[in-house]
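To keep things clear, I will list the structure first and then write my remarks on it.
The values are calculated or read from the model by the stated rules, or taken from the named source; none is laboratory data. It should be emphasised that the depicted structure is a prediction, and the values quoted were computed from it without experimental measurement. Here Cβ is always computed from backbone atoms with ideal geometry, including for glycine, and neighbour counts include all displayed protein chains. We work out accessible area using only protein heavy atoms, side chains counted, and drop any ligands, DNA or RNA first. Shrake-Rupley method; radii C 1.70, N 1.55, O 1.52, S 1.80 Å.
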Amino acid sequence: MTGPTQSSCCEDGAGPAPRLWTVDEHLADVLATVGPLPAIELQLLDAQGCRLDEDVVAAGDLPPFDNSSMDGYAVRTADTQGADGQYPSVLTVVGDIAAGAGELPKVGPGQAARIMTGAPVPPGAEAVAPVEWTDGGTGSGLAADSMTAPVAGEEVRVLRPVAEGAHIRRRGSDITAGAEVLEAGTVLGPAQLGLLAAIGRGAVKVRPRPRVVVLSTGSELVQPGEPIGPGQISDSNSFTLTAAARDAGAIAYRVGGVPDDASVLRAVLEDQLGRADLIVTSGGVSVGAYDVVKEALQQIEGGESYGGVDFRRLRMQPGKPQGFGRIGGVPLLALPGNPVSAYISFELFVRPVIRTMLGAPDVHRPVVRALCPVELRSPAGRRQFLRGRYADGVVHPVGGEGSHLVGALAKADCLIVVPEDVTSLAADSAVDVVLLTA
Ligand code: AMP
Ligand code: MG
């Protein structure tokens, strides 16, 4: 970890003032310690949303054999020349070929084989007459609309000529053996996973999703839906942060509220270490009497060699107190407890960590310039993040500055950034806006 470049010292001879980190310094410090997770082989559905870490080459052709694209009759084209409703080609049906058939009848002159969609084209056949171009073997000479009639030894009347290759999906017409079908870096969505399955790959090498353990601290917290006693509130942060971690691409495990008891918190953290690539806590990082995250993390088993979490103050509003370090080799970000502070801290610091671990090229949320039609005020020396709604180059603040205002947060789709050196902005000023939904 590097030291902050901006610090103040020795005010009024009362000893060093607490060092303040800028948002950018803190972010750079955090990101300097994490990188993409090592690639692993995952089963296809476990790899959904992950980034490929290999160029995938098809081992065989796709389709792997010539097959019919229609339910109908496999025929020799010469046998159907000149056929029409009045003078149909009358062919002997020599077999019935279902999808998946291994043994195929040979179609000789004057013969046809009943064939289903996806079934292999039999030797001798050059095209498929869809059932609607035949009488379906009914002997009526009238166009059929289904494949109800059987089969070998019987006759079918073909009512029009069939061109060479008609209704045949050729071997390799989709993908040829040896072709690169997906390149490293591709994000695996439904169609890509389907393609991998189609070429016979059951597992692929990908950058895995980071496993993020989210826990909230606070003796006042109860689970949503449970009865609330005096002084208690529902734990909302663990839901916001777990959902935000998933949204960023992680596998997130929500650990419910942990009471403000350093030994309980330590035990929970040690228990969770085994399944975490990243730990995110909320609450307990400021200067209150029961801010136990600091206490717990400073005393965690193994002492210094086990890890170290640095608690610092940022030139930022909301979200001034932040903790960051490692325990048991696992990176940990300790976010402040106020719900808006926790969420904004997640967006600014945790999301980039998750995106970096994923190997994603877009580590940061997009920032756009926008016009703010109302006047804004901001504390000196702090970068302020106000909640807003953005559309068509214009941003409107939503709710006030209070970092407990979850109602307004839920209406926001962006953060309005007021720089450290700006204390007021006139109406219709241009501001930076962090888009949260892009
Ligand atoms: P703390 O950072 O622990 O001092 O908490 C600051 C404020 O955020 C307090 O009002 C807490 O009650 C509130 N708070 C802390 N954790 C949560 C949580 N998980 N859900 C909702 N509010 C919380
Ligand atoms: Mg607390």
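When the stretch 91-141 is limited to residues that are of a type in the set (D, E, K, R) and assigned to a loop (DSSP other than H, G, I, E, B), the one that is surrounded by the fewest Cβ atoms within 10 Å (Cβ to Cβ) turns out to be GLU103.
Looking across the stretch 410-426, the residues that are in a loop (DSSP other than H, G, I, E, B) and within 26 Å of the chain's Cα centre (by Cα) come down to ALA410, LYS411, ALA412, ASP413. Taken together, SER341, SER345 contain a single residue that is open to solvent by less than 50 Å² (accessible area, probe 1.4 Å), among the small types (Gly, Ala, Ser), within 22 Å of ASP277 (Cβ to Cβ) and in the same structural domain as VAL23 (by TED's automatic domain parsing), which is SER345. Entry remark, the stretch 259-296: residues being modelled with pLDDT under 80, away from ligand 1 (no atom under 11 Å from the Cβ) and of a type in the set (A, V, I, L, M, F, W, C) number 0 in total. As a summary of the residue check, GLY249 satisfies the conditions (1) in a loop (DSSP other than H, G, I, E, B); (2) away from ligand 1 (no atom under 11 Å from the Cβ); (3) more than 19 Å from the chain's Cα centre (by Cα) except for the one numbered (3).
For the stretch 346-364, a tally of residues being part of a loop (DSSP other than H, G, I, E, B) and within 13 Å of VAL417 (Cα to Cα) returns 0. Of the residues screened, LEU335 is one that is closer than 30 Å to GLY257 by Cβ, open to solvent by less than 10 Å² (accessible area, probe 1.4 Å) and not β-branched (Val, Ile, Thr). Among residues of the stretch 221-250 that are of a type in the set (Asp, Glu), those with a Cβ under 7 angstrom from a residue that is within 13 Å of ligand 2 (Cβ to nearest atom), sequence gap 6+ or separate chain, pair up as ASP235/SER216; ASP235/LEU221; ASP235/GLY257.
In this structure, is VAL287 within 25 Å of LEU358 (Cβ to Cβ), within 16 Å of ligand 2 (Cβ to nearest atom), outside any helix (DSSP H, G or I) and not aromatic (Phe, Trp, Tyr)? No: the conditions fail for VAL287.
In summary, PHE239 fulfils each of the numbered conditions (1) open to solvent by 20 Å² or more (accessible area, probe 1.4 Å); (2) at pLDDT below 95 with the single exception of condition (2).
Look through VAL212, VAL121, VAL158, VAL128 and report the one residue that is over 26 Å from GLY95 (Cα atoms), in contact with a strand residue (DSSP E or B) (Cβ under 9 Å, 6 or more places away or on another chain) and not small (Gly, Ala, Ser).
Details: VAL121 fails: over 26 Å from GLY95 (Cα atoms); VAL158 fails: over 26 Å from GLY95 (Cα atoms); VAL128 fails: over 26 Å from GLY95 (Cα atoms).
Going through VAL212, VAL121, VAL158, VAL128 in turn, just one is over 26 Å from GLY95 (Cα atoms), in contact with a strand residue (DSSP E or B) (Cβ under 9 Å, 6 or more places away or on another chain) and not small (Gly, Ala, Ser): VAL212.
Scanning the stretch 230-246 for residues that are closer than 25 Å to ALA262 by Cβ, more than 9 Å from ligand 1 (Cβ to nearest atom) and part of a helix (DSSP H, G or I) gives THR242, ALA245.
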